[in-house]
1. Going through segment 1-45 one residue at a time, which ones are out of contact with any Cys (no Cβ under 7 Å at 6 or more places or on another chain), under 17 Å from Leu66 (Cα atoms) and among the small types (Gly, Ala, Ser)?
2. If I go through segment 15-37 residue by residue, how many of them are within 17 Å of Gly76 (Cα to Cα) and surrounded by fewer than 16 Cβ atoms within 10 Å (Cβ to Cβ)?
3. If Glu53 meets every condition in (1) of a type outside the set (Val, Ile, Thr); (2) under 15 Å from the mean Cα position of the chain (by Cα); (3) open to solvent by less than 50 Å² (accessible area, probe 1.4 Å) apart from one, which number is that one?
4. Would you be able to tell me the number of residues in segment 38-48 that are open to solvent by 50 Å² or more (accessible area, probe 1.4 Å) and under 17 Å from Gln87 (Cα atoms)?
5. Out of the residues in segment 69-78 that are closer than 13 Å to Leu107 by Cα and outside any loop (DSSP other than H, G, I, E, B), which is most open to solvent (accessible area, probe 1.4 Å)?
6. Identify the single condition in (1) surrounded by 16 or more Cβ atoms within 10 Å (Cβ to Cβ); (2) in contact with a Gly (Cβ under 9 Å, 6 or more places away or on another chain) that Met59 does not satisfy, given that it satisfies every other one.
7. In segment 12-64, which residues are small (Gly, Ala, Ser), assigned to a loop (DSSP other than H, G, I, E, B) and touching a strand residue (DSSP E or B) at 6+ places or on another chain (Cβ under 7 Å)?
Amino acid sequence: IYHGRGGLAGEAGHVSVDYRSPVVCGCGSRGCIEALCSGAAIAGGYDFAELTERLSAWMGGLISVLDPEVVIIGGGLTNLGDELLRQLRERIPARTVNPFASTLPVLPASLGPEVGIFGAGAIALDIL
């Protein structure tokens, strides 16, 4: 796992998908995918089509850069179920230069919406 010089690599949730967005993320930037599409962000209501467009654009960019073997969707987004995964699988190939994107598995995290808690615990244990 690549941690980066300061241990902050992998903060993909703070990649902006709309730098003109009126939505300001907790990190201070505008249009971060986390501020626009996380489980907490959509709790008050959302447009499903807009959500899947933003997520597929963001994931397409990450897939172009990282060429992963699988994409895992975790956190509150897992509550949206199979339709979200189906839409992402359908839309992602048009949003990346990766020729293998149409066969890339897009799966829910096995720990569901609680995955972040387990991740935070694992980091804390690693620090100790």
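1. Hits for segment 1-45 are Gly4, Ala9, Gly10, Ala12.
2. Of the residues in that region, 0 qualify.
3. The number of the failed condition is (3).
4. Residues meeting the conditions: 3.
5. In this case the residue turns out to be Ile72.
6. (2)
7. Ser21, Ser29, Gly31
The values are calculated or read from the model by the stated rules, or taken from the named source; none is laboratory data. This is a predicted model, so every value here is computed, not measured. Cβ coordinates were reconstructed from backbone atoms using ideal geometry, including for glycine residues, and neighbour counts include every protein chain displayed. With ligands, DNA and RNA removed, areas are computed over all heavy atoms of the protein, side chains included. Shrake-Rupley method; radii C 1.70, N 1.55, O 1.52, S 1.80 Å.
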